[in-house]
Amino acid sequence: MTDISSVASSAVAMVNKQTADLGKAASSASISFESALSKVKATIVGRPQTGFASGPTYEAGTVTGKTKAAITNTINAAKSALNIKP
């Protein structure tokens, strides 16, 4: 017959291994999700070309900043063409 203590220690070792593997899988999934999210953000917003992470220089490099600049330039060109003074 098998000794009860060896069965108990085997069961504990098995549970500990599964717990450790689950922790590794959760950590890996979290890192993968953060990486994917970062790549999506970089694709949509764009990375700053100058190394800035916030502020007007950073915003100027984003799609939103470029759109605002294009609209502002168009409005200023129309004002200039129509001789509208601010």
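From the set of residues in the range 72-86 that are loosely packed, with under 10 Cβ neighbours inside 10 Å and aliphatic (A, V, I, L, M), which is farthest from the chain's Cα centre (by Cα)?
That would be Leu82.
Report, ordered by the first and then the second residue, all pairs with beta carbons closer than 9 Å, sequence separation of six or more or different chains, a first member in the range 53-74 that is among the charged types (D, E, K, R) and part of a helix (DSSP H, G or I), and a second member that is at pLDDT 85 or above and surrounded by 12 or more Cβ atoms within 10 Å (Cβ to Cβ).
Glu59/Lys68
Got a sec? Which of Val12, Val7, Val45 is surrounded by 10 or more Cβ atoms within 10 Å (Cβ to Cβ), more than 34 Å from the chain's Cα centre (by Cα) and either modelled with pLDDT under 75 or among the charged types (D, E, K, R) (or both)? Quick ask: steps written out before the conclusion?
Working: Val12 fails: either modelled with pLDDT under 75 or among the charged types (D, E, K, R) (or both); Val45 fails: more than 34 Å from the chain's Cα centre (by Cα).
So the residue among Val12, Val7, Val45 that is surrounded by 10 or more Cβ atoms within 10 Å (Cβ to Cβ), more than 34 Å from the chain's Cα centre (by Cα) and either modelled with pLDDT under 75 or among the charged types (D, E, K, R) (or both) is Val7.
The values are calculated or read from the model by the stated rules, or taken from the named source; none is laboratory data. In this text the structure is predicted, and so the values were computed from the model without any measurement. FYI the Cβ positions are ideal-geometry reconstructions off the backbone, even for glycines, and counts take in every protein chain you see.
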